[in-house]
1. Return the residue satisfying two criteria in turn: it lies in segment 98-131 and is of a type outside the set (A, V, I, L, M) and in contact with a helix residue (DSSP H, G or I) (Cβ under 6 Å, 6 or more places away or on another chain), and of such residues it is surrounded by the most Cβ atoms within 10 Å (Cβ to Cβ).
2. Which of the following residues is closer than 14 Å to residue 8 by Cα and small (Gly, Ala, Ser): 90, 79, 48, 71?
3. Being in contact with a Cys (Cβ under 9 Å, 6 or more places away or on another chain) and open to solvent by 80 Å² or more (accessible area, probe 1.4 Å): is that true of residue 13 here?
4. Just one of (1) without any contact (Cβ under 8 Å) to a residue 60 or more places away in the chain; (2) over 18 Å from residue 4 (Cβ atoms); (3) within 12 Å of the chain's Cα centre (by Cα) trips up residue 39, so point out which.
5. When you scan segment 67-76, do you find a residue that is surrounded by fewer than 20 Cβ atoms within 10 Å (Cβ to Cβ), without any contact (Cβ under 8 Å) to a residue 60 or more places away in the chain and in a loop (DSSP other than H, G, I, E, B), even just one?
6. Considering only residues that are part of a loop (DSSP other than H, G, I, E, B) and either farther than 24 Å from residue 16 by Cβ or open to solvent by 60 Å² or more (accessible area, probe 1.4 Å) (or both), which ones fall in segment 31-57?
7. Any chance segment 57-79 includes a residue that's among the acidic types (Asp, Glu), more than 18 Å from residue 106 (Cβ to Cβ) and at pLDDT below 90?
Amino acid sequence: MILIITIAIANQKGGVGKTTTAINLASSLVRNNHKLVLIDADPQGSAATWHSIEDNQAFEILDHPGELTQADIETLETAYDCVIIDAPPAVDDKVETILKASDLVILPVTPSSLDLWSCKETLDTLDPKSE
């Protein structure tokens, strides 16, 4: 079965495991024979740094700290079964583009009230009717 999907890993709060989730999800999908690219859209560049330090060639990582457009994402969707996007910790135009272009959004949170409260703005961006 060929999976064609764009998955965003997003939360406006940093330190909740977005990059770890993105890398592990990508690794799992590659082990199941999916051709994928992971876009490191976070200016901190942790996924890209991990990729270079570990010399991991299992999947491609694109370091994309600047603007990311719907057209950029659609172009990648034609070349890969799966596009995973490690979003920056914010809710801004870039993150809104990422969320709207994605078929699935995963919001990692740690089990704390602060983390649950902080993801509300991201959830509101996904469902504008909730505002």
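The values are calculated or read from the model by the stated rules, or taken from the named source; none is laboratory data. It should be emphasised that the depicted structure is a prediction, and the values quoted were computed from it without experimental measurement. Here the Cβ positions follow ideal geometry from the backbone for every residue, glycine too, while neighbour counts run over all protein chains shown. Quick note on the areas: whole protein, heavy atoms, side chains included, nothing else; ligands and nucleic acids left out. Shrake-Rupley method; radii C 1.70, N 1.55, O 1.52, S 1.80 Å.
1. Going residue by residue through segment 98-131, those that are of a type outside the set (A, V, I, L, M) are 100, 102-103, 108, 110-113, 115, 117-122, 124-125, 127-131.
Checking which are in contact with a helix residue (DSSP H, G or I) (Cβ under 6 Å, 6 or more places away or on another chain) leaves us with 108, 124-125, 130-131.
Details: 108: 18, 124: 13, 125: 20, 130: 9, 131: 7.
For segment 98-131, the residue satisfying everything is 125.
2. Working: 79 fails: closer than 14 Å to residue 8 by Cα; 48 fails: closer than 14 Å to residue 8 by Cα; 71 fails: closer than 14 Å to residue 8 by Cα.
One residue alone meets the criteria, 90.
3. Working: in contact with a Cys (Cβ under 9 Å, 6 or more places away or on another chain): yes; open to solvent by 80 Å² or more (accessible area, probe 1.4 Å): no.
Judged against the criteria, residue 13 is not a match.
4. Among (1) without any contact (Cβ under 8 Å) to a residue 60 or more places away in the chain; (2) over 18 Å from residue 4 (Cβ atoms); (3) within 12 Å of the chain's Cα centre (by Cα), residue 39 violates only (2).
5. Within segment 67-76, one or more residues are surrounded by fewer than 20 Cβ atoms within 10 Å (Cβ to Cβ), without any contact (Cβ under 8 Å) to a residue 60 or more places away in the chain and in a loop (DSSP other than H, G, I, E, B).
6. Looking only at segment 31-57, we keep the residues that are part of a loop (DSSP other than H, G, I, E, B), and these are 32-35, 41-45, 55-57.
32, 33, 34, 35, 43, 44, 55, 57 - these are the residues of segment 31-57 that are part of a loop (DSSP other than H, G, I, E, B) and either farther than 24 Å from residue 16 by Cβ or open to solvent by 60 Å² or more (accessible area, probe 1.4 Å) (or both).
7. Step one: filter segment 57-79 for residues among the acidic types (Asp, Glu), giving 60, 63, 67, 72, 74, 77.
Add one more test, that the residue is more than 18 Å from residue 106 (Cβ to Cβ), and what stays is 60, 63, 67, 72, 74.
Checking which are at pLDDT below 90 leaves us with none.
The answer is no, given that none of the residues of segment 57-79 is among the acidic types (Asp, Glu), more than 18 Å from residue 106 (Cβ to Cβ) and at pLDDT below 90.
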